[in-house]
Structure formats: structure tokens, C-alpha cells
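Participant: To start, I am sharing the structure in question, which I have written as C-alpha cells.
Every number in this text was worked out from the coordinates using simple rules, so none of it is lab data. If you're wondering where the values come from, they're calculated on a predicted model, not measured in any experiment. We place every Cβ from the backbone using ideal geometry, glycine too, and count neighbours over all the protein chains shown.
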Amino acid sequence: MSVSRITASGKRAKEPQETPGLSLEIKRKITLVRHGITEWNKSFRYQGVTDIPLSAEGEEQARRAAMRLTCESVDRVISSPLRRSMKTASIIAEAIGVNSVDAWDELREVDFGEWEGLTVPQIKEKFGEDLFERWRSSQVDVTATNGEDADVVYRRAEACATRILALKEKHIVVVGHGALFRMLLLPLIKIPRTNVFWKMKMDNCSLSGIGIDKKSRAFIVFFNDTIHLRTNMDCIKDIPLPW
């Protein structure tokens, strides 16, 4: 079905009717890449703003994610300024032919305060199981001990979402962190502030695709794609992203 509009010459021109449901037309692409794995990730320790580097395995994951992205035309790579994210972004940028990586402070990981470096059992033992369980049930409203205030994190995510949506490039790769990305998705796709952290699996070096339509509305196209981490290296570049 189509609708008509009046052109400058006074003639009626047909244009496609906007389709309801999930078949929104993608005008711009945002690929979110969580950084590669670190030794603290492997030992299930909270990292936050502690500047832990990628492990050797994490660098290999980044090369695999980069290879996956070589099938795409990417205009810009943006990253959290923390080392594990910047190294992942740099590996990706070099592979896809982007000359530099833009570091955005808004993309840095949540500051977990005195929880950083600790495992969940250690946090429960030192600061009480009640606080941790409250945080786990509502991370958007509860602050880690002496960590970044939950309201501040959310406002930072809102500002970052606004900045991302204002970009004009056709395809942007954004490299960052699990907790901040989960918070970022709420204002990015206009979901009300709610607890979604443990309802979204976002693995290290996973790829998640956000489409932007002609009205600058963002929507999830795919999420936590990790097939490149389980495929022979020489086959990865032949696996397209599911846009």
C-alpha cells in the first residue's frame, strides 16, 4: 500500500507507507562491541574503572570480532577510554581501515567503588548479602559501596545515547563495557528506566546491532552475536552480520 504527497510541481508522488511492527527501515547502523576478556573477567571479579588490560585470549577475541566486521563498511570507531576497551577498538579499527579511535568518557564502565577486584562471594561477605541482592535485583537504582551513584550512571547513559543518536555517519562501531552498555540501551531505544541487567546476556567481544530509522528512532536488530568466537579464523570474514 502507498500514500501520496504533493510535489513542488503540484503533482502527486507516491511514497511507501510506513510499515508497522518490526520491519523498520535501517538508515544508520550502530554496532556495539563489548571489549575482549580480561583475567579479572575470567576470575569473575568486578572491574569497573580499574584499568585492567586485555588478556591474550581477549586480544584473540578482538581480532576475531575485527575479522567479522571486515565485511561491513564502517565510518567511525568510538570507545571507552579504559585500556581493555581501547585495545579492542584499536584492533578493530586497524582491521577495517579506520585511521583512529575516538575515546568518549561517557562510555567508561560503571565505577563499582569498593567492590572492584572482588568476586560475588567476597562482596557478600564484606558488605552484606542484602546490599548485593538489592543491587542484583535493581542495578539501575542501587549503588555499589562507595561507587558511582546509580542516578549519575543513568544520566551519563542518557547523555551518551543522545550523542550517539546525533551522529550522521552511516555505520559506527562503539566499543565498551557490559554494565554501561546495559544501561545505555535503555535511553538509546527509549525503554523506561527499569531493571534489565541480568535479562540481557552480553558476552566479551559479542556484537549487537542497533538500527536507526529515518526519524532517528533506534531499535535492536540483533544482540550478543558471538559466532565469530566459535568459528575457524579463515571462515569468519564470510559470515555477514544479520542486518
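Participant: So what J values fall out for the stretch 191-208 if you push phi through Karplus, 6.51 cos²θ - 1.76 cosθ + 1.60 with θ = phi - 60°, rounded to Hz, Gly and Pro as x?
Facilitator: Calculated HN-Hα couplings, in order: 8, x, 4, 7, 7, 10, 3, 8, 9, 10, 8, 10, 6, 4, 6, 6, 10, 10 Hz.
Participant: Run through the DSSP bridge list for the chain and note the antiparallel percent, rounded to the nearest 5.
Facilitator: 55
Participant: Once you have a ≥ b ≥ c as the square roots of the Cα gyration tensor eigenvalues for the stretch 76-185, tell me rounded if a/c is under 1.5, and otherwise prolate or oblate according to whether a/b is larger than b/c.
Facilitator: Prolate shape, in that a/c is at least 1.5 and a/b is the bigger ratio.
Participant: Follow-up question, since we're still on this one. Label ARG163 and ASN195 with points 7 Å out from Cα along Cα→Cβ: what is the distance between them in nm?
Facilitator: 3.0
Participant: While we're on this one: Given +1 on the Cβ of Lys and Arg, -1 on the Cβ of Asp and Glu, and no further charges, what dipole in debye does the chain carry about its Cα centre, rounded to the nearest 20? List each step's numbers first, then the result.
Facilitator: Numbers: 37 positive and 33 negative charges, 264 e Å.
Taking the Cα centre of the chain as origin, the dipole is about 1260 debye.
Participant: Quick check on the stretch 51-124: take the gyration tensor over C-alpha atoms, sort the square-rooted eigenvalues as a ≥ b ≥ c, and tell me if it's rounded (a/c under 1.5), prolate or oblate.
Facilitator: Cα axes put the stretch 51-124 in the prolate bin.
Participant: Using modelled amide H (1.01 Å from N, peptide plane; none on Pro or chain starts), what sits under 5 Å from the amide H of ALA103, excluding residues fewer than 5 places away?
Facilitator: Placed amide hydrogens put SER79 under 5 Å from ALA103.
Participant: I'm spelling it out carefully: the read-out is Cα Rg over 2.2 N^0.38 Å, the candidates are (i) 1.05; (ii) 0.94; (iii) 1.12, and one was derived from this structure. Which label?
Facilitator: Calculated Cα Rg over 2.2 N^0.38 Å: the matching label is (iii).
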